[in-house]
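Bear in mind these aren't lab numbers, they're just calculated from the coordinates by the rules spelled out. The structure presented is a predicted model; accordingly, all values stated were derived computationally and were not measured. Backbone-built Cβ (ideal geometry, glycine too); neighbour counts: all protein chains shown.
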Amino acid sequence: MDSMLESRPLLGPQESGPIEGKSEQDSYLDKVKNRKLYLATFAAVLGPLSFGFVLGYSSPAIPELRRISNPRLQLDAEEASWFGSVVTVGAAFGGVLGGWVVDKIGRKLSLMFCSLPFIFGFTIIIAAQNVWMLYLGRVLTGLASGMTSLAAPLYISETAHERVRGTLGSCVQLMVVTGILGSYVAGLVLDWRWLAVTCSVPPTAMLLFMCFMPETPRFLLSRGKRREAEEALHFLRGPEAPVEWECAQIEGTTREQDSRLQLSDLKDPGIYKPLLVGVLMMLFQQLTGINAIMFYAETIFEDAHFKKSDVASVIVAAFQVIFTALAALVMDRAGRKVLLILSGVAMAASTAVFGVYFRLCGPNPSNSSDFNPPLVSDGPQTDLSWLALTSMGVFITGFALGWGPTPWLVMSEIFPTPVRGLASSVCVLTNWSAAFVVTKTFQDLTNLLSSAGTFWLFSAFCALNIVFTIFCVPETKGKTLEEIQARFKGTA
């Protein structure tokens with residue numbers, strides 16, 4: 001295939017080869033204009049923004065729904081727990097459905113399709129007359145979230161080129177945490193119905209914007225639509241880029257791959273190796289303890305004399321946005337592995353210190369049947385609240401820099417085109433299933449191991465993440481999707 005590609009002119013009929021001292025790839029990318037690529041990425045990340053609004057909606061809505069005077073809508077403790085967590089169930093199914101949809105109708109139409117359950121789900125919440133309508137609305141928005149968490153990274157990775165793919169891919173997680181922050185801020189001034197109206201705006205905008213964006217060139221070429229693929233590349237790369245060269249590179253790879261996945265294909269290292277890496281990254285992301293840290297955030301802030309828990313939630317979400325944005329800026333410079341390792345070290349240290357904090361301070365939370373117990377006693381140890389605040393800040397910073405955005409980015413990069421939808425759906429299912437299990441069993445863990453033991457367990461998993469990253473996660477910075485796949489096959 002290399003000899004075939006070398007025989008093609010890179011720069012069009014006037015120039016017979018690359019500029020001296022530059023590779024074909026660099027000479028091509030020097031002619032690329034990214035303006036419309038950024039526009040397409042913006043349209044796609046309105047999906048993750050909607051996803052973030054779904055995740056953040058329950059935090060300001062639940063306290064109000066627990067105080068509401070209407071007995072048909074009022075949530076007790078158990079109903080509030082399900083209202084918050086049922087989204088993960090819908091998202092797990094959405095991940096499975098999304099894998100089938102992106103392969104059948106394409107990445108663009110999948111994103112447009114995702115906007116419908118977002119809008120319908122929030123409409124049902126707005127019109128809710130009983131608790132079951134609230135549950136249905138949350139399930140539908142969760143279903144859309146699961147599909148979006150698969151389709152948006154795929155769309156961005158298949159439209160972006162290697163110079164900006166890391167930065168643009170990291171925008172998925174950035175928009176998720178921005179949506180969470182947006183819902184927290186809006187929840188300070190809006191009631192739960194008007195907050196649901198606000199949450200329905202981003203998916204409506206995504207539906208409109210995506211109408212004017214192209215399908216990904218890789219999907220079009222996998223369906224034999226070369227002319228449409230070249231038109232998409234012209235839109236994404238600008239008028240000066242000789243897109244026939246990139247089209248030939250992608251086409252050469254897709255021609256070698258059978259579009260029909262068979263059971264025997266699982267023996268192919270180009271399939272089973274990236275699948276194992278993707279699944280384990282999603283599992284380890286949830287085993288870092290991110291949900292546990294966010295669970296205790298409100299009480300930690302109250303203990304440090306931040307009496308307004310809703311404002312504290314905004315502060316936590318703002319931390320995530322700032323450092324996720326920083327990760328997006330440095331992703332294509334520092335590389336994926338460096339950020340994952342630094343992230344793992346920060347989280348391992350902070351969760352270990354959290355364990356020390358719980359051991360030194362007050363009663364065991366497992367002694368309380370309330371799902372939001374006090375962390376410290378009224379004794380002299382309460383001045384150690386600064387230790388918990390510092391640990392939480394370090395943990396959120398570390399997670400936002402590495403293990404927050406990077407697993408979603410790597411998932412979108414490592415799979416061959418014919419199995420990208422199915423393999424990505426397995427990863428998304430793993431992530432959301434693990435999120436549900438960790439969230440619903442966290443109290444049982446604290447009962448069994450104590451809070452200190454639970455956080456030390458999270459610290460051990462974070463340390464294991466570091467080892468896994470060093471030996472198993474490939475560095476994808478600056479590589480084309482075809483080069484990444486060749487590495488797994490052992491041909492690069």
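Return, ordered by residue number, the residues of segment 461-491 whose backbone nitrogen is under 18 Å from a label point located 7 Å along Cα→Cβ of Lys31. Counting backbone N atoms under 18 Å from the label point, the list is empty. So if R0 is 56 Å, what FRET efficiency would Lys440 and Glu240 give, r being the distance between their Cβ atoms, rounded to the nearest 0.05? My answer for the efficiency is 0.55. Dividing the mean sequence gap of close Cα pairs (under 8 Å, 6+ apart) by how many residues segment 25-252 holds gives a relative contact order of 35 percent. Note on Arg67 and Ala205: the model spin-label points, each 7 Å out from Cα along the C-beta direction, lie 3.0 nm apart. Hydrodynamic estimate: the Kirkwood radius of segment 402-449 over Cα pairs, inserted into Stokes-Einstein at 10 °C and 1.306 mPa s, corresponds to D of 127 µm²/s. When the listed pairs Lys31/Lys225; Lys267/Lys440; Lys440/Lys477; Lys104/Lys267; Lys33/Lys267 are checked against a 31 Å cut-off, the alpha-carbon distance exceeds it for Lys267/Lys440; Lys440/Lys477; Lys33/Lys267. Computed extension length for Leu116-Asp191: 24.7 nm, one decimal, from 0.36 nm per residue of separation with the Cα-Cα distance subtracted.
Under the criterion of Cα pairs below 8 Å and six or more residues apart, the relative contact order for segment 131-262 equals 17 percent. What separates the Cα centres of segment 395-444 and segment 71-129 is a distance of 18 Å.
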